[in-house]
Amino acid sequence: MAYPTRVGTAALAFSLVLAGCAQGTGSSGEAPEFSPDAPLEGELSIMGFGTGDEIGQVRYDRAVAALGDVDVSLSEGALDIQAFLSAVASGNPPDLVYASRDLIGSFASRGAVVPLDQCVEAEGIDVDAFDQAAVDQVTFAGSLYGVPEFNTVQVVMANADLLSAAGITVDDVDGSDRAAATAANDALTRQDGGRLSVIGVDPKLPEFLPLWSHALGTDLISADGRTAQLDDPAVLEALEWAIDLYDAQGGFSGVKSYRDSADAFGAGNQLATGALGAMPMEHWYVNVLNESSPDAPLTFSTVKDAEGEPIAYAGGSAWAVPTDAENPAAACTFARLMTETDAWTEAAQARADARAESGTLFTGLLTGNTEADQLIRDELVPADAPAPWSEAIEATYEANEHTFSLPANPADNAFKTAWQDAVNRVLNGQQEPAEALAQAQTEAQAALDDAWATWDER
């Protein structure tokens with residue numbers, strides 16, 4: 001499955017396009033009339049989706065067949081944000097777009113996509129069946145702007161032999177006790193001739209700052225999406241703790257260099273070779289490890305907050321209908337077909353069959369549809385999976401029950417850039433944590449204020 005680029009050049013392109021569109025991208029951003037009686041006919045153009053695996057292909061083929069006479073055309077591959085927004089601005093958008101959920105707020109505020117409340121009602125889409133954190137990511141100013149799919153969560157992955165040799169367990173590195181994690185990092189880290197030979201605990205910055213901040217009870221932005229909280233003492237505490245882990249290993253640059261040198265997707269991955277003690281990682285990496293290193297001495301757990309409760313930062317994608325789409329009825333139906341329970345269970349069955357044929361374990365699928373997730377786990381995930389994969393499965397599904405997300409807002413890309421750039425400045429030794437977060441707070445709040453003002457004055 002292809003996902004849109006989230007940072008780097010795509011972020012710059014996104015910012016430039018938004019700036020060039022002044023106060024809006026589309027003509028109005030108002031929803032067309034969605035009706036259960038609307039005929040399914042004509043053409044349906046889709047941008048940003050890929051059918052590169054059985055999960056995508058099975059659902060796509062099923063949806064196309066169900067649409068009957070509708071002529072479906074797919075611009076395959078990750079969403080080109082600049083191309084999409086330019087197409088909307090020119091009045092020639094696709095009928096349906098597949099985008100990362102953390103872009104939906106900006107798309108909605110600029111009038112690039114339309115509210116889907118009528119779409120949901122017309123198609124009988126049960127919003128309550130979706131993961132609440134996923135729904136929150138696509139809900140802007142009280143309206144639903146996307147139909148979510150997939151959920152990405154984080155679990156703790158560790159080398160059991162290294163933990164045992166250091167006299168610690170996975171509970172010491174799950175984040176619930178930061179002092180214990182700091183001590184574990186010291187016990188696990190190894191230097192050879194002044195060079196790092198074993199990474200102790202990798203907190204995975206900058207991307208997981210929201211996770212570590214949430215663990216201390218504070219999110220990077222207020223629940224209404226209007227106020228940046230990057231200078232909150234808990235955010236600073238989370239960042240300083242994670243930076244200290246890197247400093248104890250000789251600094252981030254050394255950890256990153258050593259991390260990047262590994263064969264992360266092969267048998268030479270650092271968890272399997274004993275070059276990494278522990279890290280949080282997205283759950284999809286479980287399958288990478290199972291395929292490349294099925295006999296590696298691994299152990300898994302959920303990431304936990306300061307109270308010892310599991311937490312996970314939800315990610316994923318969503319279907320959205322662009323402003324001025326020529327066939328919104330077919331687009332809405334297609335979004336429903338791609339995300340309904342039967343579609344997911346058929347796709348999961350295809351994935352389980354493919355795993356069995358290749359001799360690898362099916363560890364589950366997080367769809368964003370809670371009903372589908374439960375059915376897939378009950379019917380397709382082996383109940384007798386051997387250790388440590390049984391641990392990985394349990395951690396993945398437990399994490400999926402304790403997700404959080406940052407709310408959709410009209411400056412979500414600029415906001416994300418502000419805090420990630422701040423963390424990178426600290427990692428690179430350019431600023432101290434407090435200074436960097438203070439600067440990011442100013443930048444992020446200014447972007448939020450400007451974007452919300454434009455929305456409020458529309």
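Of all the residues in the stretch 181-197, those that are buried (at least 19 other Cβ atoms within 10 Å of the Cβ) and assigned to a loop (DSSP other than H, G, I, E, B) number 1. None of 101, 110 is touching a strand residue (DSSP E or B) at 6+ places or on another chain (Cβ under 8 Å) and buried (at least 24 other Cβ atoms within 10 Å of the Cβ) except 101.
Could you say whether any residue in the stretch 86-93 is hydrophobic (A, V, I, L, M, F, W, C), closer than 25 Å to residue 406 by Cα and not assigned by TED's automatic domain parsing to the domain that holds residue 447? No, the stretch 86-93 contains no residue that is hydrophobic (A, V, I, L, M, F, W, C), closer than 25 Å to residue 406 by Cα and not assigned by TED's automatic domain parsing to the domain that holds residue 447.
Of the residues making up the stretch 243-293, those that are closer than 12 Å to residue 203 by Cβ and acidic (Asp, Glu) number 2. Here the condition is being surrounded by 21 or more Cβ atoms within 10 Å (Cβ to Cβ), out of contact with any Leu (no Cβ under 6 Å at 6 or more places or on another chain) and closer than 27 Å to residue 162 by Cβ; of 325, 314, 335, 278, it holds for 278 alone.
Residue-by-condition table, conditions (1) surrounded by fewer than 21 Cβ atoms within 10 Å (Cβ to Cβ); (2) free of Cβ contacts under 8 Å to residues at least 60 places away in the same chain; (3) closer than 18 Å to residue 103 by Cα:
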site	(1), (2), (3)
370	yes, no, no
400	no, no, no
411	no, no, yes
425	yes, yes, no
431	yes, yes, no
442	yes, yes, no
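Residues that are surrounded by fewer than 24 Cβ atoms within 10 Å (Cβ to Cβ) and part of a loop (DSSP other than H, G, I, E, B) within the stretch 124-160 comprise 124, 125, 126, 141, 142, listed in sequence order.
Inclusion of residue 346 among residues that are surrounded by fewer than 22 Cβ atoms within 10 Å (Cβ to Cβ), acidic (Asp, Glu), farther than 26 Å from residue 38 by Cβ and in contact with a helix residue (DSSP H, G or I) (Cβ under 8 Å, 6 or more places away or on another chain) is not warranted. Among the residues in the stretch 391-404, are any part of a loop (DSSP other than H, G, I, E, B) and of a type in the set (D, E, K, R)? Scanning the stretch 391-404 turns up at least one residue that is part of a loop (DSSP other than H, G, I, E, B) and of a type in the set (D, E, K, R). A single entry from 200, 105, 167 fulfils the requirement of being outside any helix (DSSP H, G or I) and touching a residue at least 40 places away in the same chain (Cβ under 8 Å): 200.
Just one of the numbered conditions (1) touching a helix residue (DSSP H, G or I) at 6+ places or on another chain (Cβ under 8 Å); (2) modelled with pLDDT of 95 or more; (3) under 25 Å from residue 94 (Cβ atoms) is not true of residue 412: (2). Is it fair to say residue 239 is in a helix (DSSP H, G or I) and touching a residue at least 40 places away in the same chain (Cβ under 8 Å)? Yes, satisfied. Scan the stretch 77-87 for residues that are farther than 22 Å from residue 450 by Cα and either part of a helix (DSSP H, G or I) or in contact with a helix residue (DSSP H, G or I) (Cβ under 6 Å, 6 or more places away or on another chain) (or both) and the total you get is 3.
Within the stretch 411-458, being under 21 Å from residue 250 (Cα atoms) and not in a helix (DSSP H, G or I) holds for 428, 429, 430, 431, 432.
When we screen 329, 296, 312 for residues that are aliphatic (A, V, I, L, M) and in contact with a His (Cβ under 8 Å, 6 or more places away or on another chain), the only hit is 312. Looking at 143, 86, 109, 75, just one residue is modelled with pLDDT under 95, over 16 Å from residue 339 (Cβ atoms) and among the hydroxyl-bearing types (Ser, Thr, Tyr), and that residue is 75.
Among strands (runs of 3 or more DSSP E) entirely within the stretch 260-331, having at least 3 residues that are touching a Gly at 6+ places or on another chain (Cβ under 8 Å) singles out 276-282, 315-320.
The values are calculated or read from the model by the stated rules, or taken from the named source; none is laboratory data. Computed from a predicted structure; not experimentally measured. Here Cβ is always computed from backbone atoms with ideal geometry, including for glycine, and neighbour counts include all displayed protein chains.
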